[in-house]
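S.K.: This is the structure I have questions about; it appears just below.
The values are calculated or read from the model by the stated rules, or taken from the named source; none is laboratory data. In this text the structure is predicted, and so the values were computed from the model without any measurement. With ideal geometry, Cβ positions are generated from the backbone for all residues, glycine too; neighbour counts draw on all protein chains shown.
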Amino acid sequence: MIKTQLVGTRTRASQQKLTYPIRAHRGALLLGASGVLIVIGAMAATFGSVAIPLDVLLQIITAKLPGAQIVATWTPTWETILFDIRLPRIVLAALVGGALATSGATYQGLLRNPLADPYLIGVSSGAGLGATMAIVFGVGAIPLLAFIGAMGATALIYALARAGGRTTPTTLILAGVALGAFLSALTSFLMFKNDSAFRTHQVIAWMMGSFALSSWQSVATMLPYLVVGWLIVYVNARVLNVLQLGDTQAQQLGVPVERVTMMLVAAASLITAAAVAVSGVIGFVGLIVPHAVRLVWGPDHRFLLPMSALLGATFLIIADTFARTLLAPSELPVGIITAFCGAPFFLYLLRQRKESLV
Amino acid sequence: MNTLQLRAEGISFAYRDQIVLNEIDLAIQPGELVGVIGPNGSGKSTLIKCLCRTLMPQRGRVWLDGRELSSLTAQQIARHIAVVPQAVELPPGFTAFEIVMMGRIPHLAWWQNETAHDRDIVRAAMEATQTWTLADRLVNHLSGGERQRVVIARALAQEPQILLLDEPTAHLDIKHQIEVMELVRCLNRERGLAVLIVSHDLNLAAQYCSRLILFKDGRIYTSGSPRQVIAPDILREVYGVNLLVLPHPHTQQPMAVVG
């Protein structure tokens, strides 16, 4: 438990507010957040064109377990809806939410910039160009081209930022913004030149993000990249903390700053590219979730990273549930929901913790 | 006991065309407390950065006990050399304990977690710097003097043999200046820590250092005992002002005052 000693004339109110009394219960908090994620995931599966009551849902799932002896009281259609449509979609939304929040936390820590998000380093513009080419030229394979575009843009931006000497956060951000604008211009040109309204619409829908085409296949596609990226990021959580001291002090404390920066940019971009490839560009999750976690629980990445992943997953499941039910039978792009709910919540947090760490 | 020697051999450093360090030769002997003084822009801070490889000198070499600094990894260097930078900003939201624990990074491999052993070292470092009572406080709520001591504690947690301090007393009031200098002297005497301290304060440096190195325009103007270096004609030549040099009533060390 952290107790602040109130000394001297420093502002007492802000001191009290800024202690993190929960720091001692981090394990319990993470466990709690995992529990919430599972409950929300299960509840999300009950909603849809066919409402499946929660108790039946749990029975359907337990019946699948080996050795379970439950007499089916439901129609096989429910089982199909649950296992082939809803569950893959919910799992994918959770993975993408966790992915975006993790890479957002990583970029914000690495670049020491609270406005950094998973798309800052050109990942989204690269992915956008890839997906647009796939759609406009009718190549298909949207995820593959989006992934290649995302990783290609990241590599190019890193090389450009490095060419100017050492890669500093500022050069990375500037190179990202500049190349991002260039790639977006190419994307816009392709959309403008193409005369199929249907394809243009397809591009726009992709850019706003959707889980409408989720399948276990997409889960399996993205999972290996996620696991590799997550491992690299989590292993470097302590190093991310030291990087908050700035490059010079981090180096003087024995951190190979240049190598770590490259590794973390690659890992975070890999995570984002995998997410974007299966779901399109979903904004706000990667910006807001890690930021909110930092505002509430402080900047220690050993807690910040897993907590952001869990809350990002939960948030995106909720957002996607709204996206597919709000205007049913038609679907809203989930990116609209994340921005619509995320932005006000974030402003609320910012007001609550105005004197805080931003 | 510490036997490491840090030695610069003809090092030069320039930012673009501006030469900041010009053919510097110096050595920090084990157990020594050396002061580096000189006017603004004479290359003192750059010297510290070259001695811990934050900057690579364009010419010359830095040796850490027979091994060239450029052949060592940042982690290897940080196990032997700790740096206390000038006017440190510490990232908000971390506790003093967490900041000092960062000093254990050079001793931990990436897969290792901090152990009870590391916590003991951190605690000892914080007790030595009288920051243990601040352990749970957020660093953004500490005063300048407290923050400076936390950073020195972090340097101690590195268990270095050589400590480089860049103007550790700048921005501190006289009480905290003395506290920091007393602490540095104590660490030097009791642990045999070799210390190089860059300072603007001639009198503080003369009181506490056994040897002074006076920089002017990126070169060593002179070096020697405080009595040899703090002399009216030398100071006039280097700083361009007339100062009176008096012996300290108790220690007999020289004091420069406005004449």
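S.K.: Checking the structure you have, find out if any residue of region B:94-104 is at the interface with chain A (Cβ under 10 Å from one of its Cβ atoms), of a type outside the set (Ser, Thr, Tyr) and not in a helix (DSSP H, G or I).
M.R.: Within region B:94-104, one or more residues are at the interface with chain A (Cβ under 10 Å from one of its Cβ atoms), of a type outside the set (Ser, Thr, Tyr) and not in a helix (DSSP H, G or I).
S.K.: So the check is Cβ under 8 Å with 6+ separation or different chains; which pairs have a first residue in region B:174-197 that's farther than 13 Å from B:LEU163 by Cα and a second one that's of a type in the set (Lys, Arg) and in a helix (DSSP H, G or I)?
M.R.: Matching pairs, first to second residue: B:GLU179/B:ARG149; B:VAL180/B:ARG149.
S.K.: Where the second residue is part of a loop (DSSP other than H, G, I, E, B) and buried (at least 18 other Cβ atoms within 10 Å of the Cβ) and the first is away from chain A (no Cβ under 14 Å) and lies in region B:38-56, which pairs have Cβ atoms under 8 Å and are six or more apart or on separate chains?
M.R.: Here the result reads B:SER42/B:GLY218; B:GLY43/B:GLY218; B:LYS44/B:GLY38, each pair linking region B:38-56 to a residue that is part of a loop (DSSP other than H, G, I, E, B) and buried (at least 18 other Cβ atoms within 10 Å of the Cβ).
S.K.: Does A:LEU82 satisfy being farther than 10 Å from A:GLY312 by Cβ, in contact with a Leu (Cβ under 9 Å, 6 or more places away or on another chain) and outside any helix (DSSP H, G or I)? Steps first, please.
M.R.: Values: farther than 10 Å from A:GLY312 by Cβ: yes; in contact with a Leu (Cβ under 9 Å, 6 or more places away or on another chain): yes; outside any helix (DSSP H, G or I): no.
No.
S.K.: Shifting gears a bit: One residue is enough: does region B:234-243 have a residue meeting the conditions over 19 Å from the mean Cα position of the chain (by Cα), on the phi > 0 side of the Ramachandran plot, assigned to a loop (DSSP other than H, G, I, E, B) and more than 14 Å from chain A (Cβ to nearest Cβ)? Let's see the steps before the verdict.
M.R.: Of region B:234-243, the ones over 19 Å from the mean Cα position of the chain (by Cα) are B:234-243.
When the remaining residues are screened for being on the phi > 0 side of the Ramachandran plot, the result is B:240.
Those left that are additionally assigned to a loop (DSSP other than H, G, I, E, B): B:240.
Among the residues that remain, those that are also more than 14 Å from chain A (Cβ to nearest Cβ) are: B:240.
The answer is yes; a qualifying residue exists.
S.K.: Continuing with this model, one more query. Does any residue of region B:64-72 turn out to be within 7 Å of another protein chain (Cβ to nearest Cβ) and either surrounded by fewer than 24 Cβ atoms within 10 Å (Cβ to Cβ) or in contact with a helix residue (DSSP H, G or I) (Cβ under 6 Å, 6 or more places away or on another chain) (or both)? Explain how you work it out, then say what you get.
M.R.: Pass one, region B:64-72, residues within 7 Å of another protein chain (Cβ to nearest Cβ): none.
No: zero hits.
S.K.: Kindly evaluate B:GLU182 against the criterion of being assigned to a helix (DSSP H, G or I), acidic (Asp, Glu) and closer than 24 Å to B:PRO249 by Cα. Steps first, answer last, please.
M.R.: Working: assigned to a helix (DSSP H, G or I): yes; acidic (Asp, Glu): yes; closer than 24 Å to B:PRO249 by Cα: yes.
So B:GLU182 passes the test.
S.K.: Which pairs have Cβ atoms under 6 Å, sit 6 or more apart or on different chains, and link a residue in region A:236-251 that is more than 7 Å from every other protein chain (Cβ to nearest Cβ) to one that is assigned to a loop (DSSP other than H, G, I, E, B)?
M.R.: Final answer for the pair search is A:VAL239/A:VAL255.
S.K.: Just checking, does region B:193-210 include any residue being in a strand (DSSP E or B), surrounded by 13 or more Cβ atoms within 10 Å (Cβ to Cβ) and not β-branched (Val, Ile, Thr)? Break it down stepwise before answering.
M.R.: We begin by selecting, within region B:193-210, every residue in a strand (DSSP E or B); these are B:194-198.
Remaining after also requiring surrounded by 13 or more Cβ atoms within 10 Å (Cβ to Cβ): B:194-198.
So of that shortlist, the ones also not β-branched (Val, Ile, Thr) come out as B:194, B:196.
Yes, region B:193-210 has at least one match.
S.K.: Hey, among the residues in region B:88-128 that are surrounded by fewer than 18 Cβ atoms within 10 Å (Cβ to Cβ) and either polar (S, T, N, Q) or touching a Phe, Trp or Tyr at 6+ places or on another chain (Cβ under 8 Å) (or both), which one's nearest to B:SER143 (Cα to Cα)?
M.R.: Among residues in region B:88-128 that are surrounded by fewer than 18 Cβ atoms within 10 Å (Cβ to Cβ) and either polar (S, T, N, Q) or touching a Phe, Trp or Tyr at 6+ places or on another chain (Cβ under 8 Å) (or both), the one nearest to B:SER143 (Cα to Cα) is B:ARG123.
S.K.: Can you tell me which of (1) surrounded by 14 or more Cβ atoms within 10 Å (Cβ to Cβ); (2) more than 17 Å from A:LEU129 (Cα to Cα) is the one A:LEU186 doesn't meet?
M.R.: Condition (2) is where A:LEU186 drops out.
S.K.: Check whether at least one residue in region A:336-348 is among the small types (Gly, Ala, Ser), modelled with pLDDT of 90 or more and part of a helix (DSSP H, G or I), and report yes or no.
M.R.: No; the residues of region A:336-348 include none that is among the small types (Gly, Ala, Ser), modelled with pLDDT of 90 or more and part of a helix (DSSP H, G or I).
S.K.: Look through A:VAL265, A:VAL219, A:VAL285 and report the one residue that is surrounded by fewer than 20 Cβ atoms within 10 Å (Cβ to Cβ) and either away from chain B (no Cβ under 14 Å) or of a type in the set (Asp, Glu) (or both). Break it down stepwise before answering.
M.R.: Values: A:VAL265 fails: surrounded by fewer than 20 Cβ atoms within 10 Å (Cβ to Cβ); A:VAL285 fails: surrounded by fewer than 20 Cβ atoms within 10 Å (Cβ to Cβ).
A:VAL219 is the lone residue from the list that is surrounded by fewer than 20 Cβ atoms within 10 Å (Cβ to Cβ) and either away from chain B (no Cβ under 14 Å) or of a type in the set (Asp, Glu) (or both).
S.K.: Can you spot a residue in region A:180-201 that is within 14 Å of another protein chain (Cβ to nearest Cβ) and of a type outside the set (Lys, Arg)?
M.R.: Of the residues in region A:180-201, the ones within 14 Å of another protein chain (Cβ to nearest Cβ) are none.
Checked against the condition, which is being within 14 Å of another protein chain (Cβ to nearest Cβ) and of a type outside the set (Lys, Arg), region A:180-201 yields no hits at all.
S.K.: Additional query: For A:GLN244, state whether it is over 30 Å from A:ARG351 (Cβ atoms) and of a type in the set (S, T, N, Q). Spell out the reasoning first.
M.R.: Numbers: over 30 Å from A:ARG351 (Cβ atoms): no; of a type in the set (S, T, N, Q): yes.
Criteria not met by A:GLN244.
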